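Visitor: Please read through the structure below; I'll follow up with questions.
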Amino acid sequence: MTPICSKLMYLQFIFAVSLLIPTTCSAFLGGHLTRSPFRVRLSTSASVEEVDIHDLQSKLNSEGLNLCHGIMHASGVRELSDIQYLTEDQILDMGIDQFEKQNIKRVQQRLSKDSHRLHQLRELSTQRDGAFDRKVLSRFEVEERQDFDIRTICSENDVYTGQLFSIEQCEQLNRMSEHHAYKQIGTINSGWTDQIYTLTAQHMACKDVPGMIPSTKIIMRQLIQELYRMFPEIVPGSICYENDGEPHLVKYNGKAKGTVAHTDNSEYKFITVNAILSGQDEYSGGGTYITVLDKTIKLSQGQVLIHLGDLEHAGADIKSGVRRLFIAFFACRWKDDLLNKPILENARDYEG
C-alpha cells in the first residue's frame with residue numbers, strides 16, 4: 001500500500017470515528033477534535049458585540065475537516081463561512097493533504113452558491129515568514145534595540161509586564177506552530193503533546209517548529225539584556241534557558257481548567273517569561289492569578305508577564321476559545337549566594 005493511500009485511509013477512519021465518539025477522538029488527538037467555543041468580533045465600535053460559535057469544531061467534523069481545526073484557526077478562520085475566502089495559494093500554503101483540499105473546495109463551492117454571502121470580517125493569512133524580518137546591517141551599523149515597554153505591577157515582588165511581540169509576529173508564530181502540528185498528526189508525542197510539562201494540557205517545544213528559534217532569536221537575546229537591567233542582582237552573563245526544551249508553546253483549546261497554584265523552576269530562583277499569542281477576542285477566561293497580590297493579570301496579544309520563579313501563581317480557567325502562550329523559563333545566578341540555594345517546596349512538576 002502506498003503512503004498516500006495509507007494516510008487517506010487514516011484520515012477517513014479518524015473522520016468516521018470522530019462523528020461517533022468525538023470526545024474520545026479529542027483525547028486521542030491531543031485536542032484537535034475538541035468542541036471549542038470561539039468568540040468573534042462583529043462590530044468595530046467601542047462596544048464589541050460577541051457571539052458564541054462553539055459549534056465550529058462540529059461543523060468542521062461534519063465537513064471532513066476535523067484535523068484542520070488548528071491550522072485553519074491560526075489562518076484566521078473563525079466560522080465555517082470564512083472558508084469561502086481562502087485563496088488557492090493559501091490552501092496550497094497550508095500544506096494539507098489532498099483529501100482535505102478536496103473537502104475545502106467542496107465547502108467553498110457550496111458556500112459560493114449561498115445568496116446571503118456575508119462580508120468578510122477578518123483577513124485570512126497562511127504566511128509563515130516576514131513578521132520578524134529586520135534590516136540587514138552593514139559592518140558598522142548597530143542593531144536596533146527593541147522597546148519592551150516594561151511596566152511594574154509590583155516592585156516588592158518583582159512582577160512586570162511588557163510588549164514582547166507585535167500582533168503580526170504573534171499570528172505568524174501561531175501559523176508556524178499549527179502548520180507543524182498538522183504535519184505531525186498521527187506521530188506519537190509530536191506536535192501538540194502533554195509529555196513535557198504536566199500542568200498544561202497541550203504544549204510544544206519551539207525548537208521543534210521549523211524556523212521558530214531563528215525567527216525569535218534577536219528578540220529573545222535583547223530580552224535577556226533587558227532582564228539584566230531589570231534584575232541588577234543577577235551575575236552578568238549567567239542568564240540562559242533553563243533546559244533544552246525552552247522556550248515552549250502552550251495551547252488551550254475550548255473550555256479548560258487552568259493550572260493549580262504553583263511556583264516555577266523546580267529547584268532554583270529563576271525567571272519566568274509568559275507571553276500571550278492570542279487576541280483577547282479569541283477566548284474568554286484565562287489570565288495569571290498572583291497569590292500574594294490576590295489579582296489576576298490579563299494581557300493583550302503580544303504582551304508578556306515577567307516574574308521570578310518562586311512567585312506562587314495559578315492559571316485561570318479558560319471558558320471558551322483558543323488561548324496560545326509563548327513561555328520561557330530562564331536560569332541564572334545571583335550575586336547573593338543565598339539566592340542560589342535550591343527551592344524544593346511547591347515546585348512545578350517537570351518531566352523530561
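The values are calculated or read from the model by the stated rules, or taken from the named source; none is laboratory data. What you see is a predicted model, and the numbers here were worked out from it, not measured in a lab. Don't worry about glycine lacking a Cβ; one is built from the backbone with ideal geometry, like all the others, and counts go over all protein chains shown. Heavy atoms of the whole protein, side chains included, go into the accessibility calculation; ligands, DNA and RNA do not. Shrake-Rupley method; radii C 1.70, N 1.55, O 1.52, S 1.80 Å.
Visitor: Given the criteria open to solvent by less than 30 Å² (accessible area, probe 1.4 Å) and without any contact (Cβ under 8 Å) to a residue 60 or more places away in the chain, does Met220 qualify?
Guide: It is false that Met220 is open to solvent by less than 30 Å² (accessible area, probe 1.4 Å) and without any contact (Cβ under 8 Å) to a residue 60 or more places away in the chain.
Visitor: I would also like to ask the following. Test each condition in (1) surrounded by fewer than 20 Cβ atoms within 10 Å (Cβ to Cβ); (2) at pLDDT 95 or above; (3) farther than 17 Å from Val304 by Cβ for Ser190 and report the one that comes out false.
Guide: (2)
Yes/no per residue for (1) charged (D, E, K, R); (2) outside any strand (DSSP E or B); (3) touching a strand residue (DSSP E or B) at 6+ places or on another chain (Cβ under 7 Å):
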position: Tyr252; (1), (2), (3): no, no, yes
position: Val260; (1), (2), (3): no, yes, yes
position: Lys269; (1), (2), (3): yes, yes, yes
position: Thr272; (1), (2), (3): no, no, yes
position: Val304; (1), (2), (3): no, no, yes
position: Lys319; (1), (2), (3): yes, no, yes
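Visitor: Now for a separate question. Restricting attention to the stretch 122-162, report how many residues are open to solvent by less than 60 Å² (accessible area, probe 1.4 Å) and within 30 Å of His179 (Cα to Cα).
Guide: Matching residues across the stretch 122-162 total 10.
Visitor: While we're looking at this one, here's another question. Would you mention how many residues in the stretch 72-109 are assigned to a helix (DSSP H, G or I) and under 20 Å from Ser320 (Cβ atoms)?
Guide: Within the stretch 72-109, residues that are assigned to a helix (DSSP H, G or I) and under 20 Å from Ser320 (Cβ atoms) number 6.
Visitor: Which pairs do you get when a residue that is in a strand (DSSP E or B), found in the stretch 285-300, comes within reach of a residue that is small (Gly, Ala, Ser), reach meaning Cβ atoms under 7 angstrom, with the pair 6+ apart or on two chains?
Guide: Once the first residue is in a strand (DSSP E or B) and sits in the stretch 285-300, its partners that are small (Gly, Ala, Ser) give Gly285/Ala316; Thr288/Gly315; Tyr289/Ala314; Tyr289/Ala316; Thr296/Gly287; Thr296/Ala316; Ile297/Gly287.
Visitor: Hey, any hits in the stretch 169-181 for a residue that's in contact (Cβ under 8 Å) with a residue 40 or more places away in the chain, over 30 Å from Asp317 (Cβ atoms), part of a helix (DSSP H, G or I) and not hydrophobic (A, V, I, L, M, F, W, C)?
Guide: no
Visitor: Go through (1) in a loop (DSSP other than H, G, I, E, B); (2) exposed (fewer than 14 other Cβ atoms within 10 Å of the Cβ) for Pro214 and report which single condition fails.
Guide: (1)
Visitor: Which condition number does Thr259 fail, the rest of (1) over 17 Å from Gly162 (Cα atoms); (2) modelled with pLDDT of 95 or more; (3) among the β-branched types (Val, Ile, Thr); (4) crowded, with 19+ Cβ neighbours inside 10 Å being met?
Guide: Answer for Thr259: the failing condition is (2).
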